[in-house]
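Trainee: Below you will find the structure I want to go over with you.
Coordinate-derived values only; no laboratory data. These numbers were taken from a predicted model, which means no experiment stands behind them. Methodologically, a virtual Cβ is constructed for each residue, glycine included, from the backbone with ideal geometry; neighbour enumeration extends over all protein chains shown.
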Amino acid sequence: MNNITVIGVGYVGLVTGTCFADLGNSVLALDINKQRIENLRQAILPIYEPGLKEVVERNIHADRLRFTTDYKEALKDAEFVFICVGTPEGVDGEADLQYVRMAAESIAQNMEHPLIVINKSTVPVGTGDWVANIIREHQPKPIPFAVVSCPEFLREGSAVRDFFNPDRTVLGSTDREAAHRVAQLHLPLRAPIVITDLRTAEMIKYASNAFLATRISFINEIANICEALGADVKEVAQGMGYDKRIGHHFLESGVGYGGSCFPKDVKALAYMAQVHGTNPQLLGAVMDINKIQRKQIIIKLEDMLGDLKGKTIGLLGLAFKENTDDIRVSPSLDIAEMLHEAGAVVRGYDPVAAENVARSHAFIQLAEDPYEMTTGCDAVVVATPWNEFKSLDMDRIKKAMKQPVLVDGRNLYDPARMREMGFQYRGVGRGFKGGGSDLQ
């Protein structure tokens, strides 16, 4: 059993700490938000993540998972300290490291024995060296420590499963012995372990996310070309994916990527590149295409309805993806804001994100279920691919709408079937060609 401290109990910190506790370690999770810690002691989670609450409850009951706001208590018996604080986007697209700095300073001021400090947050290349310097500068007396980079690759909505079934564990450090000790922590996961230097480990995370975002923007650009030429992007992607060099992952066209990682990380990598004198042309195109995808939904609606002022538009799904309540950089909410600016009445439904939306987007009229939301709508936009939307009573929805206009931003439905039912249907890259005709 190892003594692990996790600083920060957001998505990354709470999942990391809880899952390490479930592997039999003693975990003490720290956060400066007192109410959040009080809630967690009662197994009240600050996030929605499938399966996480049950694992939290199990490990609290087994006394392997505890929570505190006190750095002295958190570091008293710690061998490993994971920094899992937020790194929000700064003014120019750079990562804001104020919370990482605060954590590093607090570690330095409260550590009483040697520690291995592990950066789990997504941080710019060079942050590991910077954290080491902060700790050295703020120690009341010199105590040996090591800094290891261990970037996270968890997906919201499947984070618990991802933790226990990783594709790989990436570790970087100037202290090889410390890196091997952190590797030992991860051995029960039975996944490949890549040990490298600090900066390379930090770069692996950014390069991975930027590549995945690039695939999304690529297939969305192909989708827009498919619409112009009358091809079906879903079949195009399927045909492409059988090529082993390409594969099927991240070839789902739609309204573009969102969330707390891809938008922020692509911007941060582009910022780092520019600051250091390189020209990240591809990254710029990836971001531009992603913005265009949101606007494509508005263009489709205007093409089908004309002026949107006074029209009632319903959004099926408000979270940035399914199986989460996270609304950060949600494509759905970007679309909602454009609709609002165009003078439309905006309605919305989401299985778990409604409470978060109510706090941030008061103009959205929230409904209790999809059928209530669609009643009287001039158009409905599928914005988040929740499983429950795949089995809706579409005939009931059509009859409840003022106009049966359906813009399927996630390509959940079969175009021919929707048109047979009487919908004016537009997907993303599903064989529609301008001029008012549908090509089958």
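Trainee: Keeping to pairs on different chains or 8 or more places apart, tell me how many lysine pairs in the stretch 3-196 have Cα atoms under 21 Å apart.
Mentor: Details: 34/53; 34/72; 34/76; 72/120; 72/141; 76/120; 76/141.
So the count works out to 7.
Trainee: Here is a follow-up. With a sphere of radius 14 Å drawn around the Cβ of residue 160, what net charge do the other residues whose Cβ falls strictly inside it have (Lys, Arg +1; Asp, Glu -1)?
Mentor: In short, -3.
Trainee: Taking only C-alpha pairs under 8 Å that are 6+ residues apart, what is the relative contact order of the stretch 25-133 in percent?
Mentor: Computed over the stretch 25-133, the figure is 25 percent.
Trainee: What 222 nm value per residue comes from the helices of the chain, counting each DSSP H run with n ≥ 4 as -39,500 (n - 2.57) and dividing by all residues, nearest 500 deg cm²/dmol? Walk me through the numbers before you get to the answer.
Mentor: Details: 17 runs with 193 residues, N = 440.
Value at 222 nm, helices only: -13500 deg cm²/dmol.
Trainee: To the nearest 10 degrees, how steep is helix 98-110 against the longest Cα principal axis of the chain, on a 0 to 90 scale?
Mentor: Computed tilt is about 20 degrees.
Trainee: For the stretch 3-196, what does the relative contact order come out to in percent, with C-alpha contacts under 8 Å and a separation of six or more?
Mentor: Contact order relative to length: 19 percent.
Trainee: Taking Cα atoms, how many degrees apart are the long axis of helix 262-275 and the longest axis of the chain, rounded to 10 and kept between 0 and 90?
Mentor: 70
Trainee: Here's another thing I want to ask about it. Which of the lysines could be linked to residue 309 by a straight reach, that is with a Cα gap under 21 Å, when you skip same-chain ones fewer than 8 residues away?
Mentor: List returned: 295, 300, 402.
Trainee: Give me the aspartates and glutamates in straight-line cross-link reach of residue 205: C-alpha distance below 18 Å, same-chain residues under 8 apart excluded.
Mentor: 89, 94, 96, 129, 152, 156, 162, 167, 197, 265
Trainee: What aspartates and glutamates sit close enough to residue 234 to cross-link, taking a C-alpha to C-alpha distance under 17 Å and skipping anything fewer than 8 places away on the same chain?
Mentor: Within reach: 221, 243, 252, 408, 414, 438.
Trainee: Determine the sum of side-chain charges near residue 110: Lys and Arg each +1, Asp and Glu each -1, restricted to other residues whose C-beta is under 13 angstrom from that of residue 110.
Mentor: Computed value for this residue: -2.
Trainee: Note the listed values [x] 74, 47, 38; [y] 97, 53, 46; [z] 140, 74, 37, then indicate which one is Cα extents along the principal axes in Å calculated from this particular structure.
Mentor: [x]
Trainee: Now, a different point. Helix 198-229 versus the longest principal axis of the chain: what is the Cα-based angle in degrees, 0 to 90, to the nearest 10?
Mentor: Computed tilt is about 0 degrees.
Trainee: Starting from 0.36 nm per residue, how many nanometres of slack lie between residue 278 and residue 189 once their C-alpha separation is accounted for?
Mentor: 28.3 nm
Trainee: From the backbone phi of the stretch 153-166, what are the Karplus-calculated ³J(HN,Hα) couplings (6.51 cos²θ - 1.76 cosθ + 1.60, θ = phi - 60°) in whole Hz, Gly and Pro given as x?
Mentor: Result, rounded to whole Hz: 10, 7, 9, 4, x, 9, 5, 5, 4, 5, 4, 7, 10, x.
Trainee: Report the FRET efficiency, 1/(1 + (r/R0)^6), for residue 208 and residue 307, where r is their Cβ-Cβ distance and R0 is 51 Å, rounded to 0.05.
Mentor: 0.75
Trainee: Also, quick follow-up: Could you give me the radius of gyration and the Dmax of the stretch 1-64, taking only the C-alpha atoms into account and expressing both in angstrom?
Mentor: 10.5, 29
Trainee: What residue among 394, 373, 203 shows peak mean-square fluctuation when the chain is described by a Gaussian network model with Cα springs under 10 Å?
Mentor: 394
Trainee: On alpha-carbon atoms, Rg over Rh for the stretch 3-196 using Kirkwood Rh?
Mentor: My calculation of the ratio gives 0.93.
Trainee: Please report the relative contact order for the chain, taking Cα pairs under 8 Å with a sequence separation of at least 6, and give it as a percent rounded to a whole number.
Mentor: 12
Trainee: Order these peptides, 191-201, 254-264, by their mean beta-carbon neighbour count within 10 angstrom, highest first.
Mentor: Result, highest mean Cβ count within 10 Å first: 254-264, 191-201.
Trainee: Also, quick follow-up: Each residue of the stretch 21-34 in order: what ³J(HN,Hα) in whole Hz does its phi give by Karplus 6.51 cos²θ - 1.76 cosθ + 1.60, θ = phi - 60°, with x for Gly and Pro?
Mentor: For the stretch 21-34, the Karplus curve yields 5, 5, 7, x, 8, 9, 10, 10, 9, 10, 8, 7, 7, 5 Hz.
Trainee: Moving on. Considering only DSSP beta bridges where both residues belong to the chain, give the percentage that are antiparallel (nearest 5).
Mentor: Looking only at bridges with both residues in the chain, the antiparallel portion is about 10 percent.
Trainee: Further, regarding this structure: Among DSSP beta bridges whose residues both lie in the stretch 3-196, state the antiparallel percentage, nearest 5.
Mentor: 5
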